[in-house]
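The structure appears right after this line, and notes come after that.
The values are calculated or read from the model by the stated rules, or taken from the named source; none is laboratory data. Fair warning: this is a prediction, and the values are worked out from it, not measured in the lab. Here Cβ is always computed from backbone atoms with ideal geometry, including for glycine, and neighbour counts include all displayed protein chains. Note: areas computed on protein heavy atoms with side chains; ligands, DNA, RNA excluded. Shrake-Rupley method; radii C 1.70, N 1.55, O 1.52, S 1.80 Å.
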Amino acid sequence: MNSIKIKSETADALADFLAEYQPFLKEKLITEGFDGEDITDIFNAYLALRGELIELLGEPSGTSFTVEIK
């Protein structure tokens, strides 16, 4: 299993990016040929990651969390 450690400063930039990208995500996935089940799985992962990032933004600078990719 791989893990990625993200610090709060990086989380801030990623959360901003994800918030801007969200309105176009479903359309892009459909264009890329993903089916409904795949899109649901990707959205669930996207929203979970975004939630972690947003939660981290309230933590002290330098705080981090780990994302596990299975």
Q: Keeping every protein chain in place, order Thr10, Thr31 by accessible area at 1.4 Å, biggest value first, i.e. largest first.
A: Thr31, Thr10
Q: Lys and Arg at +1, Asp and Glu at -1: add these up for the other residues within a Cβ distance under 14 Å of Leu25 and post the number.
A: -2
Q: Provide Leu49, Leu29 ordered by accessible surface of protein heavy atoms (probe 1.4 Å), highest first.
A: Leu49, Leu29
Q) Full extension from Glu27 to Glu9: what is 0.36 nm times the residue separation minus their Cα-Cα distance, to one decimal in nm? A) 3.6 nm
Q) Where Rh is the Kirkwood radius over the Cα pairs of segment 15-55, the temperature 10 °C and the viscosity 1.306 mPa s, what D in µm²/s does Stokes-Einstein return? A) 150
Q: List the residues whose amide H sits under 5 Å from the amide H of Phe34, counting only those 5 or more places along or on another chain, with H placed 1.01 Å from N in the peptide plane.
A: none
